[in-house]
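The values are calculated or read from the model by the stated rules, or taken from the named source; none is laboratory data. Everything numeric here is computed off the predicted structure, so don't read it as measured data. So basically every Cβ, Gly included, is an ideal-geometry build from the backbone, and we count neighbours across all protein chains shown. When the accessible area is computed, the model is the full protein with side chains, heavy atoms only, and any ligands, DNA or RNA have been set aside. Shrake-Rupley method; radii C 1.70, N 1.55, O 1.52, S 1.80 Å.
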Amino acid sequence: RSTLLILFIASFSFQACTGIENIDEAITLLEQNNWDLVAAINGVIPQENGILQSEYGGETLQGPAFGPTSHSTAASSTPSSSSAFRHVVPSRQIVERQPRMLDFRVEYRDRNVDVVLEDSSTVGEIKHILENELQIPASKMLLKGWKTGDVDDSTVLKTLHLPKNNSLYVLTPDLPPPSSSHSGALQESLNQNFMLIVTHREVQREYNLNFSGSSTIQEVKRNVYDLTSIPVRHQLWEGWPPSATDDSMTLAVSGLTFPCHRLTVGRRSSPVQTREQSEEQCTDVHMVSDSDGDDFEDATEFGVDDGEMFGVASSALRKSPMMPENAENEGDALLQFTAEFSSRYGDCHPVYFIGSLEAAFQEAFYGKARDRKLLAIYLHHDDSVLTNVFCSQMLCAESIVSYLSQNFITWAWDMTKEANRARFLTMCTRHFGSVVAQTIRTQKTDQFPLFLIIMGKRSSNEVLNVIQGNTTVDELMMRLMAAMEIFSAQQQEDIKDEDEREARENVKREQDEAYRISLEADRAKREAQEREIAEQFRLEQIRKEQEEEREAIRLSLEQSLPPEPKEESTESVSKLRIRTPSGEFFERRFLASSKLQVVFDFVASKGYPWEEYKLLGTFPRRDVTQLDPNKSLLEVKLYPQETLFLEAKE
């Protein structure tokens, strides 16, 4: 019991010091610091001179789930506050069950509509959203594609046990198919400009207003509010066509007379309000809007709807949130954010980067120096009275959109839901430090939306500017341009450093290439020499083998020759004298009955094989090697003596 009391006191003290109202978030941060109250406070609210000393001598408070008591040692003071702070990453665990979000892609003819709803919604709510998107009565729709068969409008999505991503399609058998001429006429109407002549009944003044066919009736009423100071909820209109029943309807389909249509507007009076009270209230509104105070802005002056004026958050009146709560993938969350932003404020808006914050860093900061850009983080909040006017009149201004697209990577996040807010603060602490995270944490709802300008540096990411929602187009542009000047100066230094580094790397690459080529040439030369030596050795081996073979043949022939007959032999003897190509002579006696082949073998035994040399006679000149080697010397007329010549064959 005493341990629980200590934990309660610690969490209460932590909330009192940090201003964190959510008890779950406070307990999570204390758990991350092992219930060290001083360390947890310094992790959320860093001090100028380092971590505060604990008045309990460094003893930590610890819950029963974390083991024995640990002791923390106070860090020494340093001039830089960021080096002494412990990064505290809040836990992602969620105590209470959050509603599960379901994604539906609904196909109707040549259109696809993305719908995101909680699983506690009904099928009828999907049809209601499609009715506004497709301009088709819900009673005429047949919503098909359910995994469990047909369902009715009262069926709760949770009972169908659907996966996160679902595909459906709409059938309208009771409606005629659209003709191409009708769709072409509708597209032409959307591109046309309508002239609205609006008469202010109380002051009898006319306004000539130009609107495109894609503008909505709500946009017309908001612009008339800017001219007449009559809030939208107090406007009483005459002249709208009977078909103009919904303020979200575009002018092209509302039935207005083209190109010019007359309307009358006046102030709707309350039955219990006198004329003097009405004038006094009107005067008070102008007095507030004309005051110089920066701490309060009249909500109606920003075109806030009825729900915001009576304390009801505008997000509760909208059909779907800007971003699903507890989205598993940041890219999917940004896709819904972009689609919802376009549906609310039109297609002229900044191009939001689709992906995680880390991927946005990579895209903006880690390319070549010439391609780097600033990172703009837009933090949206549906509950702020400044959100509508900031988005519609400043963030969607053509000059702002063009400047952002040329010089910035724009990333967005919705801070309306507490889970999404905590998730962004965790990312902010990790990437920018606890100081920036605490700055954003202490921002009040009415100070949103926020616009963070981030510049990437070599070792860290620097927040150049935090722009609040109570600004003007000119001021927003000036602050963007001021941030761009700082970034351009840094970018020029980075480009210079990068060019010098690339020049050094190019020189090194050229040297390495020259060295590589030299090595290749030396290796090629060495290999050529080795090949030549190997070839010479091979030829020498072949020559030696041939010589050995020839010598073996010569010796064999020499041994196979019949003995030379003597001069005093009684048999007929033929004496042959043979002249070599070098001019030498050698002679031998043969029996006249010996075959011519014996002469050939004798010549070959002397190193002149008859395959390479031919033996020529003198008178008459003849090629003896062409004669039949089996004939005797007597038969070929080489008797009793003859002089022959050896000649190499061609």
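Assuming R0 = 22 Å, can you tell me the calculated FRET efficiency for the pair S402 and S214, based on Cβ-Cβ distance, to the nearest 0.05?
On the way: r = 20 Å, r/R0 = 0.90.
Taking R0 as 22 Å, the efficiency between S402 and S214 is 0.65.
If R₀ is 60 angstrom, what is the calculated FRET efficiency for the pair K637 and I533, using the beta carbon separation as r and rounding to 0.05?
After rounding, the FRET efficiency stands at 0.65.
If I compute solvent accessible area with a 1.4 Å probe over the protein chains, what percent of it on region 185-267 is carbon and sulfur?
Accessible surface attributable to carbon and sulfur in region 185-267 totals 49 percent.
Gain in length, N329 to E540, computed as 0.36 nm per residue apart minus the alpha-carbon separation, to one decimal in nm?
Result: 68.3 nm gained on full extension.
Can you work out ³J(HN,Hα) from phi for every residue in region 425-434, in order, using Karplus 6.51 cos²θ - 1.76 cosθ + 1.60 and θ = phi - 60°, giving whole Hz and x for Gly and Pro?
Those phi angles translate into 4, 5, 4, 5, 4, 5, 9, 10, x, 6 Hz.
Once the Cα gyration tensor of region 185-267 is diagonalised, what are the square roots of 5 times its eigenvalues, in whole Å and ordered largest first, as equivalent ellipsoid semi-axes?
Computed over region 185-267, the values are 21, 13, 11 Å.
What is the gain in length, in nm to one decimal, between K444 and R205 on full extension, counting 0.36 nm per residue of separation less the C-alpha to C-alpha distance?
Computed gain between K444 and R205 is 82.0 nm.
Please express the shape of region 101-171 as an equivalent ellipsoid: the semi-axes are the square roots of 5 times the eigenvalues of the C-alpha gyration tensor, given largest first in whole angstrom.
Computed over region 101-171, the values are 17, 13, 11 Å.
Multiply the residue separation of F8 and E548 by 0.36 nm, subtract the distance between their alpha-carbon atoms, and state the gained length in nm to one decimal. Numbers along the way, then the final one.
Working: separation 540, 0.36 × 540 = 194.40 nm, distance 10.87 nm.
Between F8 and E548, full extension yields an extra 183.5 nm.
Which ³J(HN,Hα) values, rounded to whole Hz and listed in residue order, are derived for region 368-384 from phi using the Karplus coefficients 6.51, -1.76 and 1.60 in 6.51 cos²θ - 1.76 cosθ + 1.60 with θ = phi - 60°, glycine and proline given as x?
With coefficients 6.51, -1.76 and 1.60, one gets 5, 4, 6, 9, 6, 9, 6, 10, 10, 10, 9, 9, 8, 8, 5, 7, 7 Hz.
At a Förster radius of 35 Å, what calculated FRET efficiency corresponds to the Cβ-Cβ distance of E21 and N112, to the nearest 0.05?
Numbers: r = 41 Å, r/R0 = 1.17.
Plugging the Cβ-Cβ distance into 1/(1 + (r/R0)^6) gives 0.30.
So, for region 101-171, what is the accessible surface per residue at a probe of 1.4 Å, expressed in square angstrom?
Here the per-residue accessible area is 54 Å².
In whole Hz, with x marking every Gly and Pro, tabulate ³J(HN,Hα) for region 230-246 from phi via Karplus 6.51 cos²θ - 1.76 cosθ + 1.60, θ = phi - 60°.
Whole-Hz 3J(HN,Hα) from phi for region 230-246: 9, x, 4, 5, 9, 7, 10, 9, 9, x, 5, x, x, 6, 7, 9, 10.
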